[in-house]
Amino acid sequence: MKIANLLTIDNIIPELYGQTKEEILRELVGWIKGEKNINRKEKEIVEKLIQRENMGSTAIGRGVAVPHCKLKGLDQPLILLGISRPGVDFQAIDQKPVHLFFLVVSPPENPSVNLQILAAIAHLVRESKELVKKILQANSNQEILRIIKEEEKKTNEK
């Protein structure tokens, strides 16, 4: 599974402004709710994400977090990439600020797809040492998506 095939230019937020975990989650959900016509209350989705964070941070290190939850009524998973240039304390395992937030909202009926997406993101982050740096230097959503495609291609060639 390739992240670049699931992520669209319209689902990249080039500048997040939140300074706390909850502010970031609200900002991400606000974008998806506005863009994808999710028929759920924003508050409900944010609560699901916060519940998941309370089980353990979804910040996987190297400046990346993957907040995720399941939502009934979706036909397919939604993936969004939000970028915080200054970084946010997200209680990452390496205790470093998080700059990239891959939000994954998936239907509960197909848990294997959710796991495949999470694994693909984790693999990309683990194998691509320059991913965060390159994305932070990008000037457009098109360039960000191109970087992800290139980095996925490199990691799959290893």
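Bear in mind these aren't lab numbers, they're just calculated from the coordinates by the rules spelled out. What you see is a predicted model, and the numbers here were worked out from it, not measured in a lab. FYI the Cβ positions are ideal-geometry reconstructions off the backbone, even for glycines, and counts take in every protein chain you see.
Around the Cα centre of the stretch 3-157, unit charges on the Cβ atoms of Lys, Arg, Asp and Glu (plus for the first two, minus for the last two) sum to a dipole of about 120 debye.
Applied to the stretch 60-70, the Karplus parametrisation 6.51 cos²θ - 1.76 cosθ + 1.60 on θ = phi - 60° returns per-residue 3J(HN,Hα) values of 9, x, 6, x, 10, 10, 10, x, 8, 7, 9 Hz, with x for Gly and Pro. Checking the cross-link pairs Lys2/Lys96; Lys21/Lys72; Lys72/Lys133; Lys72/Lys129; Lys48/Lys153; Lys43/Lys134 against a 30 Å limit on the alpha carbon distance flags Lys72/Lys133; Lys72/Lys129; Lys48/Lys153; Lys43/Lys134 as lying beyond it. When only Cα pairs below 8 angstrom with a gap of at least 6 residues are kept, the stretch 3-157 shows a relative contact order of 27 percent. Note on the chain: dipole from Cβ charges, positive end direction compared against Leu78, Ile32, Leu115; the farthest Cα belongs to Leu115. Taking each DSSP H run with n ≥ 4 as -39500 (n - 2.57) and averaging over every residue of the chain yields -15000 deg cm²/dmol at 222 nm. The Kirkwood hydrodynamic radius of the chain, based on inverse pair distances between different Cα atoms, is 15.5 Å. Length gained on full extension, Thr155 to Glu42: 37.2 nm, using 0.36 nm per residue less the C-alpha separation. If I require 15 Å or longer along the helix axis, counting alpha carbons, and a Kyte-Doolittle average no lower than 0.0, what helices from the chain are left? Use full DSSP H segments. Once both thresholds are applied, what remains is 111-127. The residues packed around Ile147, meaning those with a beta-carbon under 12 Å from its beta-carbon, carry a net charge of +1 if Lys and Arg are +1 and Asp and Glu are -1.
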